[in-house]
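One structure below.
The values are calculated or read from the model by the stated rules, or taken from the named source; none is laboratory data. All values derive from a computational prediction rather than experimental measurement. For neighbour counting, all protein chains shown are included, and Cβ atoms are generated from backbone atoms with ideal geometry for every residue, glycine included. Only protein heavy atoms, including side chains, enter the accessible area calculation; ligands, DNA and RNA are left aside. Shrake-Rupley method; radii C 1.70, N 1.55, O 1.52, S 1.80 Å.
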Amino acid sequence: MSRSESLMCFIDMASHRPVPADDFGAYYNLAECADYDSLPESKTQPHFQGVTGLRNLGDTCYMNAILQCLCSVSPLVEYFLSGKYITALKKDCSEVTTAFAYLMTDMWLGDSDCVSPEIFLSAVGSLYPAFLKKTQQDAQEFLIYVLNELHEALKKHCRRRVNEKRTGQSCCRKVPAQETSIITRLFEGQLSYSITCLKCESCTHKNEVFTILSLPIPSDYECSLQDCLQCFFQQDILTWSNQIYCSFCEIKQEAAVRTTISKVPKIIVFHLKRFDIQGTVKRKLRTDIHYPLTNLDLTPYICPVFRKHPMYNLCAVVNHFGDLDGGHYTAFCKNSVTQAWYSFDDTRVSEIPDTSVQTATAYLLFYSCQPFSIPAQKRKSQVSTPDHCKQAIRKWP
């Protein structure tokens, strides 16, 4: 099958509605379209920077999909390829971060079509043994662990500054972070909760930082990402057992809670809550969620004082096939060098048309408010390793 025929096959698959009840059928059809076995891997397409497959080490497709998405975030990649991370790296928690830096280097500066994330998995597994069991894990949970470990290893303490300027809207006042890192600068946002007592009408405000927004899915069949956002940000009425304590009434009262974004991150990650567990009943929502590739408008959900960011553009997607007890993860990522979209299925890598990026199997969506440029980098031979990183590497099997 030629490259153009393969792309047309992907287009046909993307336009086919609805997706089969068992979405593994869609996965196998897509894999068949790619026809990977008909040509040697090196001939399926030329090798570009950041377009590198990852070996599956035993049910590690969830890890590979997340790593491919992070590899497509150019500001994050540049931070590691340029060596900036070395000066911030803490000696007592450097294993995961050092392994991540080496893996990004291999994926961007190496000359192989495929690399093994074995050292990175070993480093993560030494802290979270569940990831070494060769069983399927949740990609969203793995992303949280990775971002947290990178932040802990690279964070800097900043003196808290109080903003004395009154905006007239205390609910939207930013709370400066005490610890910052490349992770908080790129991925961290802040939610503001306005809580109104329905008895005395007093209003209090609370803030909460986030790196991932978990969105409810309001339909079993078909909806849009905006429908999910509206459901997340709609006003909630807390009654009965959900009543909250009112400091003015000095007892628990019914309350109305409205949520807004008071700090928008440069990279916003949406987790589509497809896994529904109620008691012993488990199911996967196979809702076909329509999400834009460009110009995602978050303005309705942002505090008016902080509506400064432009529209968001999609840069990566994690897909999940199967059900709660087993399945398979793949990723779609836009490469900053070629400006093309690629499908990453462990070692299988293929270019896909824009029309194939939207599927009913999307699980995580990565959006950026700024276009990505090609990461500035050192040559691989120039990437130095500090002594404490070398000691960390010696610990790995």
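Results for (1) open to solvent by 10 Å² or more (accessible area, probe 1.4 Å); (2) at pLDDT 95 or above, shown as yes or no for each residue.
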| site | (1), (2) |
| --- | --- |
| LEU324 | yes, no |
| ALA331 | no, yes |
| TYR342 | no, yes |
| ASP345 | yes, yes |
| THR361 | no, yes |
| PHE372 | yes, no |
| PRO375 | no, no |
| SER384 | yes, no |
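I'd like to know if the stretch 266-275 contains one or more residues that are closer than 29 Å to PRO75 by Cα and basic (Lys, Arg). Spell out how you get there, then give the answer.
From the stretch 266-275, those closer than 29 Å to PRO75 by Cα are 266-273; that's our starting set.
Checking the rest, the ones that are also basic (Lys, Arg) come to 266, 273.
Yes: the stretch 266-275 contains one or more residues that are closer than 29 Å to PRO75 by Cα and basic (Lys, Arg).
Scan the stretch 73-86 and tell me whether some residue there is β-branched (Val, Ile, Thr), more than 24 Å from VAL357 (Cβ to Cβ) and either open to solvent by 10 Å² or more (accessible area, probe 1.4 Å) or assigned to a helix (DSSP H, G or I) (or both).
yes
Go through the stretch 114-149 and give me each residue that's small (Gly, Ala, Ser) and either more than 13 Å from THR60 (Cα to Cα) or part of a helix (DSSP H, G or I) (or both).
SER122, ALA123, GLY125, SER126, ALA130, ALA139
If you take the residues of the stretch 46-72 that are of a type in the set (A, V, I, L, M) and part of a helix (DSSP H, G or I), which of them is farthest from the chain's Cα centre (by Cα)?
Step one: list which residues in the stretch 46-72 are of a type in the set (A, V, I, L, M), which gives 51, 54, 57, 63, 65-67, 70.
Subsequent filtering for residues that are part of a helix (DSSP H, G or I) retains 63, 65-67, 70.
Numbers: MET63: 12, ALA65: 10, ILE66: 7, LEU67: 10, LEU70: 8 Å.
Ranking the candidates gives MET63 first.
Can you report the number of residues in the stretch 286-297 which are open to solvent by less than 20 Å² (accessible area, probe 1.4 Å) and modelled with pLDDT under 95?
Adding up the residues that qualify gives 0.
Which members of the stretch 87-111 meet the condition of being aliphatic (A, V, I, L, M), crowded, with 22+ Cβ neighbours inside 10 Å and out of contact with any Ser or Thr (no Cβ under 7 Å at 6 or more places or on another chain)?
VAL96, ALA99, ALA101, LEU103, MET104
Between residues in the stretch 298-315 that are open to solvent by 60 Å² or more (accessible area, probe 1.4 Å) and of a type outside the set (Val, Ile, Thr) and residues that are at pLDDT 90 or above and in a helix (DSSP H, G or I), which pairs lie under 7 Å by C-beta distance while being six or more apart or on different chains?
ARG307/THR299
Identify the residue in the stretch 215-266 that is in a strand (DSSP E or B) and without any contact (Cβ under 8 Å) to a residue 24 or more places away in the chain and, among all such residues, is least open to solvent (accessible area, probe 1.4 Å). Outline the logic, then answer.
Taking the stretch 215-266 as the starting set, the residues that turn out to be in a strand (DSSP E or B) are 215, 222-224, 236-238, 244-246, 251-253, 255-263.
Next, only the ones that are without any contact (Cβ under 8 Å) to a residue 24 or more places away in the chain stay: 236, 238, 245, 251-252.
Working: ASP236: 74, LEU238: 42, TYR245: 138, ILE251: 91, LYS252: 127 Å².
The selected residue is LEU238.
Six or more apart or on different chains, Cβ under 9 Å: which pairs go from a residue in the stretch 285-296 that's more than 18 Å from PRO216 (Cα to Cα) to one that's open to solvent by 20 Å² or more (accessible area, probe 1.4 Å) and acidic (Asp, Glu)? Could you list them?
What qualifies is LEU293/ASP354.
Just give me the residues in the stretch 299-322 being over 16 Å from the mean Cα position of the chain (by Cα) and within 12 Å of SER368 (Cα to Cα), in sequence order.
HIS309, PRO310, MET311
Which of (1) in contact with a strand residue (DSSP E or B) (Cβ under 6 Å, 6 or more places away or on another chain); (2) farther than 22 Å from LEU143 by Cα is the odd one out, the single condition GLU208 does not satisfy?
So the condition that GLU208 fails would be (2).
In the stretch 80-101, how many are in contact (Cβ under 8 Å) with a residue 60 or more places away in the chain, under 21 Å from PHE142 (Cα atoms) and of a type in the set (Ser, Thr, Tyr)?
Residues in the stretch 80-101 being in contact (Cβ under 8 Å) with a residue 60 or more places away in the chain, under 21 Å from PHE142 (Cα atoms) and of a type in the set (Ser, Thr, Tyr): 2 in total.
Is at least one residue of the stretch 143-153 at pLDDT below 95, surrounded by fewer than 18 Cβ atoms within 10 Å (Cβ to Cβ) and hydrophobic (A, V, I, L, M, F, W, C)?
No; the residues of the stretch 143-153 include none that is at pLDDT below 95, surrounded by fewer than 18 Cβ atoms within 10 Å (Cβ to Cβ) and hydrophobic (A, V, I, L, M, F, W, C).
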